[in-house]
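Participant: So that we are looking at the same thing, I have put the structure below in structure tokens.
The values are calculated or read from the model by the stated rules, or taken from the named source; none is laboratory data. Since the structure is predicted, the reported quantities are computational estimates derived from the model, not experimental observations. All Cβ positions, glycine included, derive from the backbone under ideal geometry; neighbour counts span all protein chains shown. The protein model used for the area step is the full one, side chains on, heavy atoms only, and it has no ligands, DNA or RNA in it. Shrake-Rupley method; radii C 1.70, N 1.55, O 1.52, S 1.80 Å.
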Amino acid sequence: MADLSTKYMGLDLKNPLVVASCSLVNNVEGIRKCVDVGAGAIVLKSLFEEQIHAEAKDLEEHLWLYGHSEAFEYVSKLAMPLGPREYLKLIEKAKSAVSVPVIASLNCITPRWWADYAKQLDAVGADGLELNISVMPSDPGRTSEEIENLYLEIVETLRASVKVPIAVKIGSDFTSVARMADRLAQRGASALVLFNRYYQIDIDIEKIAVKPGYRFSSPDEMSIPLRWIALLAGRVGCDLAASTGVHDGAGVIKQLLAGATVVQLCSTLYLNGVERIGQILREIEEWIDGHGFTSLSEVRGKLSQMQSEHPELYERLQYIKALVGIE
Ligand SMILES: Cc1cc2nc3c(=O)[nH]c(=O)nc-3n(C[C@H](O)[C@H](O)[C@H](O)COP(=O)(O)O)c2cc1C
């Protein structure tokens, strides 16, 4: 039987299938179900910075009456563990319920709130921390350098606060994804999750109103992470987790061949049930056996740009028939 064991951000996983941060894993029962059907690791549902703000806001209103801004700063810091206390409990319970790594997830938009809280995540036994940094670059007055520095500052702040390994989950909206990935690794990210699929919007033309877009990905969405995993594998000093659009065993194998250390699954688990994890594992094992490999290390990165016989294919951005004869 093929050896699927994988080291991801320094953690030992029995296989490379990681349940992505989502509501399927916001309670112990859901976490246990995923592990029972074979998940190699779990990333818990994110704790959002806004959740912490919401609590602090009540205090803010109260303290405003007294006009003590310093007191507000102090008390709002103290208030932090109150709201997210449930989250700490969830980590503790998950750790005693399952034996696979449990990675906590924080949705950050500033470095401000997290340092103290992250220490507590560390203390209750989280095996790692995934920072979902999602800053909307919508302000025309804000430079890309300012935004990138914010990402780096968040990672540095958290890196200095916790001992556990840190993964950083980003979107693909950077002018230089490669440079950003390299800088995040240099500032202490043990892994990059490529890429987050942001909340989608749509427009209802009958009601003439904005509405939520489709919640789940489709398999063709994995093409962008696939390209970037292939381009970055072996080039940045950290592990790479593929995320978005992986719905089956073939999708996982493609990402591993491109160079992914692990593959995160979400939409396919909502659409097909968490039992999908077991099916995907069997598909991977069959493929590995059928292609004469014995372990994942022989597969991983075989078609990354660094190892590929056709590295130029990953750099093609336009359809051109005239020069190369293919469209
Ligand atoms: C219902 C739902 C809730 C999610 N919640 C979170 C979250 O709290 N934190 C996070 O980082 N990503 C969250 N995600 C994004 C997923 O972790 C994942 O990155 C995204 O769905 C793309 O992967 P997929 O194509 O396998 O679905 C959520 C996705 C869904 C569908």
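Participant: Being in contact (Cβ under 8 Å) with a residue 24 or more places away in the chain, among the polar types (S, T, N, Q) and open to solvent by 20 Å² or more (accessible area, probe 1.4 Å) is the filter here; which residues of the stretch 22-51 pass it?
Facilitator: Across the stretch 22-51, the qualifying residues are ASN26, ASN27, GLN51.
To keep it simple, each residue is scored yes or no on (1) farther than 20 Å from ASN132 by Cα; (2) among the aliphatic types (A, V, I, L, M); (3) at pLDDT below 95.
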{"residue": "SER223", "(1), (2), (3)": "yes, no, no"}
{"residue": "ALA250", "(1), (2), (3)": "yes, yes, no"}
{"residue": "LEU256", "(1), (2), (3)": "yes, yes, no"}
{"residue": "VAL262", "(1), (2), (3)": "no, yes, no"}
{"residue": "SER304", "(1), (2), (3)": "yes, no, no"}
{"residue": "GLN307", "(1), (2), (3)": "yes, no, yes"}
{"residue": "HIS310", "(1), (2), (3)": "yes, no, yes"}
{"residue": "TYR314", "(1), (2), (3)": "yes, no, yes"}
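Participant: Tell me, yes or no, whether the stretch 135-142 has at least one residue that is closer than 18 Å to LEU192 by Cα and open to solvent by less than 70 Å² (accessible area, probe 1.4 Å).
Facilitator: Yes, there is a match, as at least one residue in the stretch 135-142 is closer than 18 Å to LEU192 by Cα and open to solvent by less than 70 Å² (accessible area, probe 1.4 Å).
Participant: Applying the selection to the stretch 156-214, what residues are of a type in the set (Val, Ile, Thr) and open to solvent by 30 Å² or more (accessible area, probe 1.4 Å)?
Facilitator: Result: THR157, THR175, ILE201, ILE203, ILE205, ILE208, VAL210.
Participant: In the stretch 74-120, how many residues are modelled with pLDDT under 85 and open to solvent by 80 Å² or more (accessible area, probe 1.4 Å)?
Facilitator: Here the count works out to 5.
Participant: From the set of residues in the stretch 164-190 that are hydrophobic (A, V, I, L, M, F, W, C) and farther than 27 Å from VAL124 by Cα, which is farthest from the ligand (Cβ to nearest atom)?
Facilitator: For the stretch 164-190, the residue satisfying everything is ALA178.
Participant: ARG215 versus (1) more than 24 Å from ASN15 (Cα to Cα); (2) more than 11 Å from the ligand (Cβ to nearest atom): which is the lone unmet condition?
Facilitator: The one condition ARG215 does not meet is (2).
Participant: Out of (1) within 16 Å of the ligand (Cβ to nearest atom); (2) among the small types (Gly, Ala, Ser); (3) over 25 Å from HIS291 (Cβ atoms), what's the single condition that is false for GLY10?
Facilitator: With respect to (1) within 16 Å of the ligand (Cβ to nearest atom); (2) among the small types (Gly, Ala, Ser); (3) over 25 Å from HIS291 (Cβ atoms), GLY10 is out only on (1).
Let's see how each residue does on (1) open to solvent by less than 10 Å² (accessible area, probe 1.4 Å); (2) over 26 Å from ALA181 (Cβ atoms); (3) more than 16 Å from the chain's Cα centre (by Cα); (4) away from the ligand (no atom under 14 Å from the Cβ):
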site	(1), (2), (3), (4)
VAL246	yes, no, no, no
LEU265	yes, no, no, no
TYR270	no, yes, yes, no
ARG276	no, yes, yes, no
GLU286	no, yes, yes, yes
PHE293	no, yes, yes, yes
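Quick grid of which residues meet (1) closer than 16 Å to TYR314 by Cα; (2) not in a loop (DSSP other than H, G, I, E, B):
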{"site": "ILE203", "(1), (2)": "no, yes"}
{"site": "LYS207", "(1), (2)": "no, no"}
{"site": "PHE216", "(1), (2)": "no, no"}
{"site": "LEU226", "(1), (2)": "yes, yes"}
{"site": "ALA230", "(1), (2)": "yes, yes"}
{"site": "GLY234", "(1), (2)": "yes, no"}
{"site": "GLY237", "(1), (2)": "no, no"}
{"site": "LEU240", "(1), (2)": "no, yes"}
{"site": "GLY245", "(1), (2)": "no, no"}
